[in-house]
1. Under 8 Å for C-alpha pairs, at least 6 residues apart: give me the relative contact order for the chain, rounded to a whole percent.
2. Where both partners of a DSSP beta bridge lie in the chain, what percent of those bridges are antiparallel, to the nearest 5?
3. Set the Förster radius R0 to 30 Å, insert the Cβ-Cβ distance between D41 and E100 as r into 1/(1 + (r/R0)^6), and round the FRET efficiency to 0.05.
4. Could you give the nm distance between label points at Q33 and V57, where each point is 7 Å from its Cα heading toward the beta carbon?
5. Of K17/K62; K62/K83; K44/K79; K28/K79, which pairs sit farther than 18 Å apart, going by alpha carbon to alpha carbon?
Amino acid sequence: PGQIRVMVFLDENRNGKLDQDESGISEKVGISQEISCPAGDRNKVTQVETDTNGETVFSDLKPGVYCVALMSNRVVSTKLTQKIPVSSEQESQVYFGITE
């Protein structure tokens, strides 16, 4: 099975990229395997809170396309939703930057 590693970080310089001096923050993220992204039915979205470093891993994923979303009303420097293709034994990474 594949997995998707998610990182939510405080994008202090608002460039949409995780820089060395920027840190992770805890925030709610969601994942679904639907045709539309974001998912049309919120009941089909699995939501989790990232740890204090801003990280979480969705593991044991079957091959397919997943929609990973930041479940926050905060201002972001990256896309709120990202389509991620997953194949067997593959690890993909998704980054969400939050600005203040």
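1. Contact order relative to length: 42 percent.
2. Antiparallel: roughly 70 percent of the beta bridges in the chain.
3. 0.40
4. 1.9
5. K17/K62; K44/K79
Read the figures in this text as sums done on the coordinates, not as results from a lab. Everything numeric here is computed off the predicted structure, so don't read it as measured data. All Cβ positions, glycine included, derive from the backbone under ideal geometry; neighbour counts span all protein chains shown.
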